[in-house]
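First up is the structure itself, then whatever we jot down about it.
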Amino acid sequence: MTPRIERLRKYTVDKEQSAGWKEIDWTTVSQLKTRPDDSPLQRALRCFLAVLDQERKNVRIVPDEEIVFMRSVKNLPERYSVEEMDALRSEAYYHELGVVFNVTPDYETILSVGLDERRKQAQECKAQALADGDLDGVEFLDAAIAGIDGVCELTDAYRAEAIRLGKMDIAERLAQVPRRTPRSFLEALQALRILHFALWCEGTYHNGVGRIDQYLFPYLQADLESGRLNEGQALEYLEEFFISFNRDSDLYVGVQQGDNGQSLMLGGCDSEGNDASNLLTEMALTASREVRLIDPKINLRVCKKTPIELLEKAVQLTKIGLGFPQYANDDVVIPGLVHWGYDLADARNYVVAACWEFIIPGVGMDIPNIDAVSFPAVVDSAMRTPEGRAAKTFEDFLVVVRKTLFEEADKIEKKLAVVKMLPCPFTSALFSGSIESARDVSLGNKYNNFGIHGTGCAPAVDSLAAIKRIVFDEKKLSISELTDVVDSNFEGHEKILAEVRNEAPKMGCDDPEADELAILLLDWFADSWEGRRNCRGGIFRPGTGSAMYYISHPKDLPASPDGRLRGEFFPANYAPSLGVQTKGPLAVVRSFTKPNLERVVNGGPLTMELHDSVFRTPEAVEKVARMAQFFILSKGS
């Protein structure tokens with residue numbers, strides 16, 4: 001890092017920016033006074049403009065900055081009271097906060113045309129909507145235009161502050177972007193910072209920035225070829241851009257501090273299927289490694305053709321302990337998305353949502369974490385049914401497990417019969433098709449699929465293996481008796497506890513018996529959702545991830561036959577059960593890549609922890625890269 005970047009990083013890490021945060025009493029802001037005839041769009045727009053208005057009053061530019069925009073408003077206004085939201089939720093399902101989230105806009109197109117052109121398109125579409133008598137369309141387009149104007153006015157306020165401080169280079173850039181197309185790599189970064197910042201101000205949370213090494217590379221390439229920049233200068237600007245993600249992150253929505261979904265995707269193929277990794281791919285890995293901050297979250301698309309050199313650069317980033325990059329395997333993800341009805345060109349352009357679920361930038365309005373099935377709970381339920389207790393063979397019991405999976409799918413589908421979102425008109429203006437159709441993206445876009453997580457795969461598999469061993473092979477207990485044992489939390493049954501924990505087959509040990517059960521379980525999970533349509537015209541996408549459910553699902557579950565005691569958590573995502581003694585990382589990879597992951601490609605990383613000694617020498621780093629390559633070749637997702 002250069003000294004300038006080191007100073008900016010220190011400013012951010014020391015949280016000096018928090019001195020400018022202001023808690024707003026929104027009840028005193030006149031434009032937020034509720035009116036009886038307010039539509040959801042009008043409420044959304046008034047809240048957004050009120051935030052931008054407060055931000056204009058508190059513009060700040062740090063002395064070392066070249067890329068500006070920093071939050072001052074600590075708390076966003078609530079569009080609805082708790083009582084009003086309760087009334088809305090009584091009529092429809094609103095996921096999490098109810099607004100548009102877990103999305104990536106079409107930044108490539110917006111940067112290529114600028115907000116002025118997008119505003120012009122909205123005006124033209126409004127004229128058509130008026131001619132057609134489409135009053136809903138007129139209302140949306142008016143809100144989108146007002147949102148664009150509000151963002152441009154905030155940009156003007158930053159430009160005025162830059163002029164006041166004598167920072168004419170910044171002022172010149174803000175005169176160009178985001179209204180018009182960036183003329184340089186630095187202007188493209190600045191434009192992207194403004195647009196991303198504005199989405200958070202509107203309340204669109206867990207919003208990613210997508211494939212920056214693809215849509216920003218032309219700007220970088222032009223600067224390098226013209227001599228306007230060298231690679232060192234470009235890296236410096238990219239590192240500043242990465243630091244900017246961390247300025248306001250403590251104010252953003254997240255499951256925990258720092259977990260706010262500011263993800264980006266690197267690498268992968270282009271629309272023709274050719275490798276699209278480039279200089280900016282490597283530069284982003286370097287920038288993240290040097291800056292050493294939690295945001296943005298780095299994801300790397302890989303395939304069987306990914307060169308080992310790129311994997312080694314990724315491992316160097318893993319080495320510093322931030323928990324990324326996460327890998328996504330094009331060889332599995334793209335066919336899986338195509339199977340679910342995604343156009344091939346869109347599937348080849350996939351990115352991740354906040355965590356690791358796959359979405360398509362600019363056209364995806366999927367809700368990729370809308371609900372989840374607890375696999376250990378399915379096994380537990382099967383044990384308690386008359387059919388499960390009466391099972392004469394293990395195969396008979398597995399039939400009950402499969403039936404229970406389908407019943408869980410039925411319950412979730414019924415629960416999600418009516419799903420709605422609150423509108424976000426400025427966010428909509430950054431999506432393909434919303435202006436043209438004169439409709440907010442909260443009403444849907446090209447893809448409107450629901451992602452269903454499958455939690456506790458390994459504990460469920462291990463439980464099935466234990467049931468097979470204790471009940472059907474050794475005949476030590478009946479299903480009813482084993483149910484009583486788990487209900488007692490294994491108290492007084494220490495020998496049984498020791499056997500199921502230490503002797504029964506475990507997923508993650510390359511054990512054929514356990515892994516065959518994993519193959520069956522995930523195939524049945526996929527079968528249970530195949531062909532179902534959701535209320536927004538999309539499908540249901542099963543996956544092996546857990547999101548936050550690995551914490552909530554075990555809370556009301558008794559102990560399980562694998563030896564997990566009451567209150568103990570599931571492993572996060574797709575990983576061996578907690579406390580299992582595996583036979584090394586390669587055995588883990590072998591176990592967890594045997595199922596057909598193309599059918600459960602909503603996302604779910606194979607989560608592994610490696611001791612830091614693994615990374616201490618160049619030879620060791622290469623070995624980790626080879627392990628990642630083995631994962632890819634084994635068709636891990």
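Some values worked out for this structure:
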{"item": "Amide H contacts of residue 454 (H built 1.01 Å from N, under 5 Å, at least 5 apart or other chain)", "result": "373, 543, 544, 545"}
{"item": "Approximate spin-label separation residue 62-residue 516, in nm, with each point projected 7 Å along Cα-to-Cβ", "result": "5.9"}
{"item": "Cα-based reach from residue 583 at 16 Å (exclusive), listing aspartates and glutamates while leaving out same-chain residues under 8 positions away", "result": "462, 503, 510, 511, 513, 515, 609"}
{"item": "Estimated FRET transfer efficiency (residue 180, residue 308; beta-carbon r; R0 56 Å; 0.05)", "result": "0.85"}
{"item": "Listed candidates (1) 82, 63, 46; (2) 93, 81, 56; (3) 93, 66, 40 - label of the one calculated as Cα extents along the principal axes in Å", "result": "(1)"}
{"item": "Sequence-distant lysines (8 or more away, or on other chains) whose Cα lies within less than 22 Å of residue 10", "result": "22, 74, 167, 297, 319"}
{"item": "3J(HN,Hα) from dihedral phi, the range 343-354, Karplus parametrisation 6.51/-1.76/1.60, rounded to Hz, x for glycine, proline", "result": "4, 4, 4, 5, 4, 6, 9, 5, 10, 10, 7, 4"}
{"item": "The range 252-317 - convex hull of alpha carbons, volume per residue in Å³", "result": "108"}
{"item": "Between the range 585-637 and the range 1-30, the alpha-carbon center distance in angstrom", "result": "38"}
{"item": "Protection proxy ranking of 81-89, 146-154, 328-336 - average other beta-carbon atoms within 10 Å, highest first", "result": "328-336, 146-154, 81-89"}
{"item": "Folded to 0 to 90 degrees: helix 3-13 orientation relative to the chain principal axis, Cα", "result": "60"}
{"item": "Solvent-accessible area, 1.4 Å probe, carbon plus sulfur percent, for the range 367-606", "result": "52"}
{"item": "Partner aspartates and glutamates for residue 126 [C-alpha distance under 13 Å; skip if fewer than 8 residues away on the same chain]", "result": "134, 136, 139, 142, 436"}
{"item": "Heavy atoms of residue 574 accessible to a 1.4 Å probe, total area in Å² rounded to 10", "result": "0"}
{"item": "Above-threshold pairs, the threshold being 24 Å between Cα atoms, out of 468/495; 594/623; 411/635", "result": "411/635"}
{"item": "Relative contact order for the chain, counting Cα pairs under 8 Å that sit 6 or more residues apart, in percent", "result": "15"}
{"item": "Highest average packing first - 174-187, 382-395, Cβ atoms within 10 Å", "result": "174-187, 382-395"}
{"item": "Whole-number accessible area per residue in Å² for the range 367-606, which is evaluated in the context of all protein chains at 1.4 Å", "result": "37"}
{"item": "Accessible area per residue, Å², the range 96-145 with all protein chains present, probe 1.4 Å", "result": "42"}
{"item": "Helix-only mean residue ellipticity at 222 nm for the chain, each DSSP H run of n ≥ 4 adding -39500 (n - 2.57), per residue, nearest 500", "result": "-15000 deg cm²/dmol"}
{"item": "P(r) tail fraction, the range 367-606 - alpha-carbon pairs more than 35 Å apart, %", "result": "19"}
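The values are calculated or read from the model by the stated rules, or taken from the named source; none is laboratory data. Since the model is a prediction, treat every value here as computed from it, not as a measurement. Reconstructed Cβ throughout: ideal geometry from the backbone, glycine too, with neighbour counts over all protein chains shown. Note: areas computed on protein heavy atoms with side chains; ligands, DNA, RNA excluded. Shrake-Rupley method; radii C 1.70, N 1.55, O 1.52, S 1.80 Å.
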